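The values are calculated or read from the model by the stated rules, or taken from the named source; none is laboratory data. Note that the coordinates shown come from a computational prediction; the quantities given were computed from them, not determined experimentally. Glycine gets a Cβ as well: all are built from the backbone with ideal geometry, and neighbour counts include every protein chain shown.
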Amino acid sequence: MDKEQFLEVYRHSLSHILAKAVIELYGKEVQYAIGPQIADGFYYDFLLPEGARITEDDFKKIDDKMREIIKRREDWTRKEVSKAQALEMFKDQKYKTELIVDLPEDETITVYYTGEDYVDLCRGPHVDNSQELMNTAFEIRSASGAYWRGDEKNDTLVRVYAYAFPDKKQLKEHKAFIREAKERDHKKIGPQQDLFMFDETAPGMPYWLPRGWKLFNALLAYWRSIHEEHGYNEISGPVISKKILWETSGHWDHYQDGMFIVPSDDDKETYALKPMNCPNAIKVFMNQARSYRELPFRINQVDVIHRKEKSGELNGLFRVQQFRQDDAHILVTEDQIASEIGDIMDIAGEIYGTFGLTYEAELSTRPDDYMGDIEVWNQAEADLKAILDAKYGEDGYEINEGDGAFYGPKIDLKMRDALGREWQMGTIQLDFQLPLNFDMKYTAADSSQKRPVMIHRAIFGSMERFIGIITENFKGAFPFWLSPYQVGIVPIRQEHNDYAKEILGMLRKNGVRAEADFSEKNMKEKIKAYKNYKDPYILVLGDKEVEERTVSINLRGSNKQLNNVPLDIFLDMCDMMNEEHSLEIMDQMPETEA
């Protein structure tokens, strides 16, 4: 059986085996809800009898019961039933009953029997006999709480997850992948390296700690340098604005559920925290009369924005309620669209390449709740498609129907990290609607008033999310130029502190982020602390280094040590690493004149 058949049939069939096993182990009072396949296996939701629990200690017991059931080689029988028959069959199962009640009266309802004592409401397809599952490799991996139908107002069920693969080799490889992913988990690395923290008083709103803020600002400085070269001007705008602004932009009608609303004390005016920066850019453009000579008019900003998320969807830096988006908004004439988007794609390629990340493009088209004239939409989609065709060829990108923004189609940029995981990051959105809503104008060469086209774009998407991704991509060992601290200085004894302070001052003067431990702690303890923080270079200073004005360097990720390196050579090395934005840690000195 090929992989696709396995995904559709075997995993779903195994979820029924799981449900049958839980019922046999915990009793017929078990209420079983739904059990779909997922990316690496399947899960099933249960309401257990009062007092019953499923913990990690129970996983092997459930695994063993599932294998026992499979060895019975029971037949699977599909049966079509009426709605009334289905309600009678599942009268003691509240969740199945609810699902059946919601079905149309003329719906064809199917059930599947596994043996004679277990039946489930299901469309299928499934195996014909349990013996087909005997060579599959599966394993219970976790149990957690889940709301029935994803609604926090409903019952909390026990969701049992399992891995499932065609054979033991693939299961073993996947588990190794999961272990590696856990070691890279930014929610683990961030607190370990004192990069960021969260607090229950501000859900989904990260606190950037001193080390993390240095990393953040290093990333921002790199981003700014590239955009300076491409003619962007950075602005900053209000974080909170009156309702009327969001009504004009369309966010009030199309995005209100994702906004934090702030009513005034006298109830005469309503405000909202901004979920997007677009209106700020529009207001700056409209601050004065504009000429065609100013187009493309490029504005970028990294102000704080807020988006309301469900508590269950928050996920470290990946899904937050407060973040900084590396936004840019460009106002162009229609004949400038292609060249400007080409320039944006060049910026994206340069930035992603710096981090060793590859990306692919995807065209997202008109959603159901689109705003504006359909002919304008058709033209915008055709423009973006032509740009992508020219850059990648007609088969060189994906089309995601109906996933555009409410004001315009977009190009989404998807990256792959060190683990091969795909991330939705950058976006380029073509917008004819907001310039119309705000009645934006510029003076054309013939002195007539014309309306510009707006391009919304982000490369990182969210600074926070991107940092979460690269934290996992680099496993917390950031490139030299990006590391919170690039050099850790360890004087062996107190008499070496003065030399250490001199080096610290020189490094900082040269723009190198350096730290030193002048305490009386043991040298090995100091080195260990900097290794835990993954500082790229750790300088160890003793009598010989002080006397000869050299440094000895411990290199991150290596047992190698460079001894007696002249101080000026080391300073040159750091300058070169910062300028080149290299992904590597240099373990050789740059050449110098004799």
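Annotation note: of Y255, Y232, the sole residue that is out of contact with any Phe, Trp or Tyr (no Cβ under 9 Å at 6 or more places or on another chain), of a type in the set (F, W, Y) and closer than 29 Å to D403 by Cβ is Y232. Note on segment 296-320: residues that are in contact with a Pro (Cβ under 7 Å, 6 or more places away or on another chain) and surrounded by fewer than 20 Cβ atoms within 10 Å (Cβ to Cβ) amount to 2.
One residue alone among E132, E105, E152 is surrounded by fewer than 18 Cβ atoms within 10 Å (Cβ to Cβ) and at pLDDT 90 or above, and that residue is E132.
Just wondering, is there one or more residues in segment 150-158 that are of a type in the set (A, V, I, L, M, F, W, C) and not assigned by TED's automatic domain parsing to the domain that holds I17? No, there is no match, as no residue in segment 150-158 is of a type in the set (A, V, I, L, M, F, W, C) and not assigned by TED's automatic domain parsing to the domain that holds I17. Evaluated against (1) over 30 Å from Q429 (Cα atoms); (2) more than 23 Å from the chain's Cα centre (by Cα); (3) not in a helix (DSSP H, G or I), P479 falls short on exactly one condition, (2). If you go through segment 94-126 and keep only what is more than 28 Å from P49 (Cβ to Cβ) and within 36 Å of the chain's Cα centre (by Cα), you end up with R123, G124, P125. Filtered by the rule that a residue be among the hydroxyl-bearing types (S, T, Y) and assigned to a loop (DSSP other than H, G, I, E, B), segment 204-250 gives Y232, S236.
When we screen A86, A21 for residues that are over 19 Å from A143 (Cα atoms), free of Cβ contacts under 8 Å to residues at least 60 places away in the same chain and part of a helix (DSSP H, G or I), the only hit is A86. Please verify whether S447 is in contact with a strand residue (DSSP E or B) (Cβ under 7 Å, 6 or more places away or on another chain) and among the small types (G, A, S), treating the condition exactly as stated. Here the answer is no, as S447 does not meet what is asked. It is to be established whether one or more residues within segment 572-587 are surrounded by fewer than 16 Cβ atoms within 10 Å (Cβ to Cβ) and over 39 Å from the mean Cα position of the chain (by Cα). Looking for residues that are surrounded by fewer than 16 Cβ atoms within 10 Å (Cβ to Cβ) and over 39 Å from the mean Cα position of the chain (by Cα), one finds none in segment 572-587, hence no. Every listed requirement among (1) in a helix (DSSP H, G or I); (2) in contact (Cβ under 8 Å) with a residue 24 or more places away in the chain; (3) surrounded by fewer than 18 Cβ atoms within 10 Å (Cβ to Cβ) is met by R179 save one, (2). Exactly one residue out of A281, A289 is part of a helix (DSSP H, G or I) and either at pLDDT below 95 or of a type outside the set (S, T, N, Q) (or both): that is A281.
Of the helices (runs of 4 or more DSSP H) lying entirely inside segment 485-594, those carrying at least 3 residues that are under 30 Å from F196 (Cα atoms) and in contact (Cβ under 8 Å) with a residue 24 or more places away in the chain are 497-509, 523-532, 567-580. Considering only segment 292-303, how many residues are aromatic (F, W, Y) and outside any strand (DSSP E or B)? Qualifying residue count for the region: 1. Determine if segment 95-106 includes at least one residue that is in the same structural domain as R72 (by TED's automatic domain parsing), of a type in the set (K, R) and assigned to a helix (DSSP H, G or I). Within segment 95-106, one or more residues are in the same structural domain as R72 (by TED's automatic domain parsing), of a type in the set (K, R) and assigned to a helix (DSSP H, G or I). Given the criteria touching a helix residue (DSSP H, G or I) at 6+ places or on another chain (Cβ under 6 Å), surrounded by 14 or more Cβ atoms within 10 Å (Cβ to Cβ) and not aliphatic (A, V, I, L, M), does F59 qualify? Criteria not met by F59. When I538 is tested against (1) touching a Pro at 6+ places or on another chain (Cβ under 9 Å); (2) under 29 Å from I469 (Cα atoms); (3) among the β-branched types (V, I, T), exactly one condition is not met: (1). When residues in segment 467-509 are screened for being closer than 30 Å to R421 by Cβ and either of a type outside the set (K, R) or buried (at least 22 other Cβ atoms within 10 Å of the Cβ) (or both), 19 of them pass. For the residues D327, D253, D257, the requirement of being of a type in the set (D, E) and more than 30 Å from E152 (Cα to Cα) singles out D327.
For L363, the conditions (1) crowded, with 19+ Cβ neighbours inside 10 Å; (2) under 15 Å from Y232 (Cα atoms) all hold with the exception of (2).
Listed by position, the strands (runs of 3 or more DSSP E) enclosed by segment 304-370 include none that has at least 1 residues that are out of contact with any strand residue (DSSP E or B) (no Cβ under 8 Å at 6 or more places or on another chain) and within 16 Å of Q424 (Cα to Cα).
Residue-wise test of (1) of a type in the set (V, I, T); (2) touching a strand residue (DSSP E or B) at 6+ places or on another chain (Cβ under 8 Å); (3) buried (at least 16 other Cβ atoms within 10 Å of the Cβ).
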site: G190; (1), (2), (3): no, yes, yes
site: T201; (1), (2), (3): yes, no, no
site: W208; (1), (2), (3): no, yes, yes
site: K214; (1), (2), (3): no, no, yes
site: N217; (1), (2), (3): no, no, no
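Of the residues making up segment 432-449, just one is in contact (Cβ under 8 Å) with a residue 12 or more places away in the chain, surrounded by fewer than 16 Cβ atoms within 10 Å (Cβ to Cβ) and outside any loop (DSSP other than H, G, I, E, B), namely T443. Every condition in (1) closer than 25 Å to K94 by Cβ; (2) outside any loop (DSSP other than H, G, I, E, B) holds for E152 except the one numbered (2). In this structure, does N532 turn out to be at pLDDT 95 or above and either outside the structural domain of W223 (by TED's automatic domain parsing) or of a type in the set (S, T, Y) (or both)? Against the criterion (at pLDDT 95 or above and either outside the structural domain of W223 (by TED's automatic domain parsing) or of a type in the set (S, T, Y) (or both)), N532 qualifies.
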